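For reference, the structure discussed in these notes is given below.
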Amino acid sequence: MTHSAPSALEELVSLAKDYDAKRRQLDDLAHDLAFDLLLRHLLVFSERATDRFRAAQQVLFDHLSKTEVDPEAMEAARTLCRCFDEILLLFHKLADHTSGVTS
């Protein structure tokens, strides 16, 4: 029996479900913690997410550099990485600003 890869739609549905579960977990955490403690937790979570993203990024670009890749796929990978970096910068700016306001 062969194991077929999930379709793009199945992957997107799985990611959406994952996102929703994580959003609910964060909502619960935000409800239960004081703001300064929540901010510290979020910074730790962001570091963990960044480490995981950078590891996946390296694997992705290592793989893409070894194969014949559609230029659109390479540009999509670059765009994903740029968007992650932009979101990370925005998060850290907001966290810096917020910690200055609450201090």
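The values are calculated or read from the model by the stated rules, or taken from the named source; none is laboratory data. Predicted model, so just to flag it, every value in this text is computed and none were measured. Methodologically, a virtual Cβ is constructed for each residue, glycine included, from the backbone with ideal geometry; neighbour enumeration extends over all protein chains shown. Heads up: the accessible areas ignore ligands, DNA and RNA and are worked out on the full protein's heavy atoms, side chains in. Shrake-Rupley method; radii C 1.70, N 1.55, O 1.52, S 1.80 Å.
On region 34-100, 64 percent of the accessible area sits on carbon and sulfur atoms, based on a 1.4 Å probe. Taking label positions 7 Å along the Cα-Cβ direction at both L38 and L12, the computed distance is 3.2 nm, reported to one decimal. A probe of 1.4 angstrom, applied to the heavy atoms of all protein chains, finds K93 with accessible area near 140 square angstrom.
Label positions at Y19 and M74, each projected 7 Å from the Cα along the C-beta direction, are separated by 2.8 nm. Against the longest principal axis of the chain, how steep is helix 8-32, in degrees 0 to 90 to the nearest 10, with axes from Cα atoms? Helix 8-32 and the main axis of the chain meet at about 10 degrees.
Solvent-accessible surface of region 34-100, averaged per residue with a 1.4 angstrom probe and all protein chains in place: 76 square angstrom.
Quarter the surface of the alpha carbon convex hull of the chain and you get the mean projected area, 9.1 square nanometres. The heavy atoms of L94 offer some 110 square angstrom of accessible surface to a 1.4 angstrom probe.
Checking every one of the GluC sites (Glu not before Pro) in region 32-103 against DSSP loop status and a limit of 14 other Cβ atoms within 10 Å picks out E68. Note on K93: aspartates and glutamates with a C-alpha under 17 Å away, same-chain residues under 8 apart excluded, are D36, E47, D85.
Give the Debye-formula value of log10 I(q)/I(0) at each listed q (0.23, 0.29, 0.34 Å⁻¹), with one equal scatterer per alpha carbon of region 30-76, two decimals each. Results for region 30-76 at q = 0.23, 0.29, 0.34 Å⁻¹ read -0.80, -0.99, -1.09.
The label-point distance for H63 and T50, in a model that sets each label 7 Å from Cα toward Cβ, rounds to 2.5 nm.
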